[in-house]
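Here the structure is laid out as structure tokens; the discussion comes afterwards.
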Amino acid sequence: MKMGKIAATGAVAAGFAVLGFAAPAQAAEPAAAVVAADNPAYLLLAPAPNCVGLAQGRNGSTAWAEATNNNCGYTVRVRMIWAWAGDGPCVSLPNNYYYRETRGAANIPPRPYVSELRSC
């Protein structure tokens, strides 16, 4: 009977290993995240410059947001990050221009809105 318990315990431990449960010694190195933060490919994480304005509101059941390049002096690339809806595409916004996006909004909460503008 004891032999059956030992075999079952070994099988359970092997099953956890197959499912991806690992001992702390096998966990990923936290330093890898620091290296990724220095990688230029991760620029999507940066906020848009302060010279880009954001206005938003609702027309009935449609949410709208408008990003405006307020005299940055150069073309900026921004992306609207929507809460409760799909994020917008990365767009080029020349100096003194605006870009507008809309999302269908439910009449009951939670309603979509732009939580932030990101550089891309």
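The values are calculated or read from the model by the stated rules, or taken from the named source; none is laboratory data. Since we're looking at a predicted model, the values are computed, not measured. Counting neighbours? That spans all protein chains shown, and the Cβs are built from the backbone with ideal geometry, glycine included. Only protein heavy atoms, including side chains, enter the accessible area calculation; ligands, DNA and RNA are left aside. Shrake-Rupley method; radii C 1.70, N 1.55, O 1.52, S 1.80 Å.
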Subset of segment 65-102 that is open to solvent by 50 Å² or more (accessible area, probe 1.4 Å) and in a strand (DSSP E or B) - its residue that is farthest from Ser115 (Cα to Cα): Ser92
Lone unmet requirement of (1) surrounded by 10 or more Cβ atoms within 10 Å (Cβ to Cβ); (2) at pLDDT 70 or above; (3) polar (S, T, N, Q) for Thr9: (2)
